[in-house]
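Notes to accompany the following structure.
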Amino acid sequence: MCGIVGWTDFNKDLSCTFDTITAMGRALKHRGPDEGNQWFGKHTAFGHQRLIVIDPKGGRQPMTRQAGEKRYTLCYNGELYNTEHVRAELASRGWSFRSHSDTEVLLTSYMQWGESCVDHLNGIFAFAVWDDAEQKLFLARDRLGVKPLFYTEVDGGLLFASEIKGLLAHPNVEAALDDTGLHELLALGPSRTPGCGVFKGIYDLRPGHCAVYKKPGGLKISRYWNVESKPHSDNLDMTVAKVRELFLDAVNRQLVSDVPLGTFLSGGVDSSAITAIAAEKYRTSNKGALDTFSIDFEGNDKHFKANPFQPTSDKDFIAMIQKEHATNHHSCIADNERLVKLLKEATVFRDLPGMADVDSSLLWFCGEVKDKVTVGLSGECADEIFGGYPWFYRKEELEREGFPWIRSLDFRNNLLKKEWQQKLDLKGYMLARYQETIAEMPKLPGESATEEKRRQMFYLNMNWFMQTLLDRKDRMSMGASLEVRVPFSDHHLVEYVWNVPWEMKHLDGKEKGLLRKALEGILPDEVLYRKKNPYPKTHNPLYTEAVVTWMNEIIADKQAPIFDLFERTQLKQLADSKGKAVDIPWFGQLMTGPQLLAHLCQINYWLEHYKVSIKK
């Protein structure tokens, strides 16, 4: 994986912008510590930070190829999983290759098919192509949004970057919040509206979208992919077999690497299935034992208490998979004080206040994984695609107005200063964004009201909740210079499962029942049919004490920027209760107590670190 930045301006000569492009690229060095390069044309400049995974010599970027008098330059972040298939198709059309990198295949695919090249790609990607003959910039992002791409228009030109900090490194880009940004932060955070970058004037190219920037015309964005709603004609046995086939194919495609690779192993169905398939592939390919990695927290063996969302501890199930597949397992135990210290780093890597220790622990964990391997496979996206959350099957959640993972709007509003309570409409803004997403969902004529409501829930999850988790996974893994792949986001699997009726997805009344059925024989029943556990969090009171201490330091600071937004007395009451004054999660299912306090501390640090100005 890599970090990309770029600048196109048809009114300026950008061939002498070395310092600016270098600064923008250097801001993303964590994404690609192995190599940094720049390319300059008259009206476009690219910067690239490379994490080497495939073809160290042949995949160098930015990459330029020429066909006749036409020159094309690519700046690319991602991985293609159908490289050899596309290479063969291009070779049959007369193209030749000098490397075995997916970078050269991607650039050549644009040279062959132009903007429709995205239709031929299976992978995770965000890339830019400067088409010199057409004098245009082409941008594209993968279908499910695994890889990020942000942009902003400044002084008549367009800037893009893998992360917001790359844009902010440009001297003419300001870190500011207007009313939209405030609503995003306070009503929706740590999620955000698809396409919105929270900072004023900063946006992200939505998943499944591409863009062309040229003169005249400016920036034109179009959607090249979305799920398509249509009747599901396969019976249950055929559906189970198809899901199994598509998942096996996705995992096996994503095991290609020229550097060491391992899997995240939580002991849950999703990561255990990926591990089982990968370990078998390693065994049959004589690659030796697969490296697997799990995370837990210091003191959790003593302080863990079962609850409806976390009914069991993971360690016994991890041991079961490790033993069955003889993996080289690494159990990583996180120190609670270290987690608190990493909350600041996690905020910077995300460029926004995040999910508290859910972020900082992943950042720490990815650092531990990176010590052993360069590529990891993870189980994200299964719950959103197969319906693993309570809001898919609990009637009261399905009928809730708005996003089921944001139930704290009254509490959020009450924490604000009176002037913001009067000026902002948190609930109205949230509902407007909710309705926008519902309105764009591809409908299936003839569905019952209940079926349509559940289809809406899947669409909301794919475009919102899943995006928040993919955003987190990309930033925290790249913060540790680790490439993480997510097989459940394979678009062929997503397209197929999208139209499978709920009765099949919820087979035998079990969450992700269809997926479990499709994995029979791959996983032992003890793992296959255990109740879902979310990503683990710390239960150690030492973490709570450390977060409370941080919040009290903020409260004592008369200049703390958070109090431009929040009422000091309200945050003091929250800190005095150690977060127990509220039992409704700020976001998701588990973001209460110390996690909420940590999120608020992250907001203060973010405002301070980025010197965010608030446009009243």
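The values are calculated or read from the model by the stated rules, or taken from the named source; none is laboratory data. As the structure is a prediction and not an experimental result, all values here were calculated from the model. Ideal geometry is used to build each Cβ from the backbone, glycine not excepted, and the neighbour counts take in all protein chains shown. Calculation scope for accessible area: heavy atoms of the full protein, side chains included, ligands and nucleic acids excluded. Shrake-Rupley method; radii C 1.70, N 1.55, O 1.52, S 1.80 Å.
Can you work out which of the residues in region 286-319 that are modelled with pLDDT under 95 and polar (S, T, N, Q) is surrounded by the fewest Cβ atoms within 10 Å (Cβ to Cβ)?
Looking at residues that are modelled with pLDDT under 95 and polar (S, T, N, Q), I get Asn286.
Before we move on, is Leu470 closer than 25 Å to Trp391 by Cα and assigned to a helix (DSSP H, G or I)?
In short, yes.
Among what's in region 320-359 and is without any contact (Cβ under 8 Å) to a residue 60 or more places away in the chain, open to solvent by less than 50 Å² (accessible area, probe 1.4 Å) and assigned to a helix (DSSP H, G or I), pick the residue that is nearest to Asp270 (Cα to Cα).
The qualifying residue nearest to Asp270 (Cα to Cα) is His325.
Keeping to region 27-41, report how many residues are surrounded by fewer than 24 Cβ atoms within 10 Å (Cβ to Cβ) and either touching a strand residue (DSSP E or B) at 6+ places or on another chain (Cβ under 7 Å) or of a type in the set (Ser, Thr, Tyr) (or both).
Residues meeting the conditions: 8.
Given the residues Tyr282, Tyr213, which is the only one that is surrounded by 15 or more Cβ atoms within 10 Å (Cβ to Cβ), assigned to a strand (DSSP E or B), more than 22 Å from the chain's Cα centre (by Cα) and at pLDDT 95 or above?
Just one listed residue meets the conditions, Tyr213.
Restricting to region 481-517, what's the tally of residues that are more than 27 Å from Gly78 (Cβ to Cβ) and assigned to a helix (DSSP H, G or I)?
Of the residues in region 481-517, 11 are more than 27 Å from Gly78 (Cβ to Cβ) and assigned to a helix (DSSP H, G or I).
Which one of these does Gly262 not meet: (1) within 20 Å of Ser489 (Cα to Cα); (2) open to solvent by 70 Å² or more (accessible area, probe 1.4 Å); (3) part of a strand (DSSP E or B)?
So the condition that Gly262 fails would be (2).
Name the single residue that is nearest to His539 (Cα to Cα) among those in region 593-616 being assigned to a loop (DSSP other than H, G, I, E, B) and over 22 Å from the mean Cα position of the chain (by Cα).
That would be Gly593.
Report, by residue number, each residue of region 245-259 that is open to solvent by 70 Å² or more (accessible area, probe 1.4 Å) and either of a type in the set (Phe, Trp, Tyr) or under 13 Å from His492 (Cβ atoms) (or both).
Glu245, Arg253
Going residue by residue through region 381-401, is there one that turns out to be touching a strand residue (DSSP E or B) at 6+ places or on another chain (Cβ under 6 Å) and closer than 30 Å to Val500 by Cα?
For region 381-401, residues touching a strand residue (DSSP E or B) at 6+ places or on another chain (Cβ under 6 Å) and closer than 30 Å to Val500 by Cα: absent.
Pairs under 8 Å by beta carbon, first residue within 11 Å of Leu415 (Cβ to Cβ) and hydrophobic (A, V, I, L, M, F, W, C) in region 563-584, partner open to solvent by 20 Å² or more (accessible area, probe 1.4 Å) and part of a strand (DSSP E or B), six or more apart or different chains?
Correct list of pairs: Leu565/Ile614.
Looking at Glu495 and the list (1) under 29 Å from Lys372 (Cβ atoms); (2) open to solvent by 10 Å² or more (accessible area, probe 1.4 Å), which single condition is not satisfied?
(1)
Return the residues of region 587-604 that are surrounded by fewer than 22 Cβ atoms within 10 Å (Cβ to Cβ) and within 18 Å of Leu186 (Cβ to Cβ); say none if nothing qualifies.
The answer is Thr592, and nothing else.
Conditions (1) touching a His at 6+ places or on another chain (Cβ under 8 Å); (2) open to solvent by less than 20 Å² (accessible area, probe 1.4 Å); (3) of a type in the set (Phe, Trp, Tyr), marked per residue:
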| residue | (1), (2), (3) |
| --- | --- |
| Ala176 | no, yes, no |
| Gly181 | no, yes, no |
| Ala187 | no, yes, no |
| Leu205 | no, yes, no |
| Leu219 | no, no, no |
| Ser222 | yes, no, no |
| Asp237 | no, no, no |
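Does Lys558 satisfy being out of contact with any helix residue (DSSP H, G or I) (no Cβ under 6 Å at 6 or more places or on another chain), basic (Lys, Arg), open to solvent by 20 Å² or more (accessible area, probe 1.4 Å) and free of Cβ contacts under 8 Å to residues at least 12 places away in the same chain?
yes
All but one of (1) part of a loop (DSSP other than H, G, I, E, B); (2) surrounded by fewer than 22 Cβ atoms within 10 Å (Cβ to Cβ) hold for Arg143, so report the exception by its number.
Unmet condition: (2).
If I filter region 398-417 for residues that are assigned to a strand (DSSP E or B), under 29 Å from Leu182 (Cα atoms) and modelled with pLDDT of 95 or more, do I get at least one hit?
Looking for residues that are assigned to a strand (DSSP E or B), under 29 Å from Leu182 (Cα atoms) and modelled with pLDDT of 95 or more, one finds at least one in region 398-417, hence yes.
Can you pull out every residue in region 444-478 that is small (Gly, Ala, Ser) and crowded, with 23+ Cβ neighbours inside 10 Å?
Answer for region 444-478, where residues must be small (Gly, Ala, Ser) and crowded, with 23+ Cβ neighbours inside 10 Å: just Ser477.
Among the numbered conditions (1) at negative phi; (2) part of a helix (DSSP H, G or I); (3) open to solvent by 30 Å² or more (accessible area, probe 1.4 Å); (4) not β-branched (Val, Ile, Thr), tell me where Ala581 comes up short.
The one condition Ala581 does not meet is (2).
Please pick out the residue among Lys510, Lys505 that is surrounded by 23 or more Cβ atoms within 10 Å (Cβ to Cβ) and over 21 Å from the mean Cα position of the chain (by Cα).
Only one candidate qualifies: Lys505.
Name the residue that is farthest from the chain's Cα centre (by Cα), counting only residues in region 13-41 that are in a helix (DSSP H, G or I) and among the polar types (S, T, N, Q).
Per the stated criteria, the residue is Ser15.
Would region 530-541 turn up any residue that is out of contact with any His (no Cβ under 8 Å at 6 or more places or on another chain), assigned to a helix (DSSP H, G or I) and either modelled with pLDDT of 95 or more or surrounded by 18 or more Cβ atoms within 10 Å (Cβ to Cβ) (or both)?
No, there is no match, as no residue in region 530-541 is out of contact with any His (no Cβ under 8 Å at 6 or more places or on another chain), assigned to a helix (DSSP H, G or I) and either modelled with pLDDT of 95 or more or surrounded by 18 or more Cβ atoms within 10 Å (Cβ to Cβ) (or both).
Kindly provide the set of residues from region 371-419 that are on the phi > 0 side of the Ramachandran plot and surrounded by fewer than 23 Cβ atoms within 10 Å (Cβ to Cβ), ordered by number.
The one that is on the phi > 0 side of the Ramachandran plot and surrounded by fewer than 23 Cβ atoms within 10 Å (Cβ to Cβ): Gly402.
Which numbered condition trips up Leu590, out of (1) part of a helix (DSSP H, G or I); (2) within 30 Å of the chain's Cα centre (by Cα); (3) hydrophobic (A, V, I, L, M, F, W, C)?
(1)
Which one is surrounded by the fewest Cβ atoms within 10 Å (Cβ to Cβ) among residues in region 189-203 that are under 21 Å from Ser408 (Cα atoms) and not polar (S, T, N, Q)?
Ranking the candidates gives Pro194 first.
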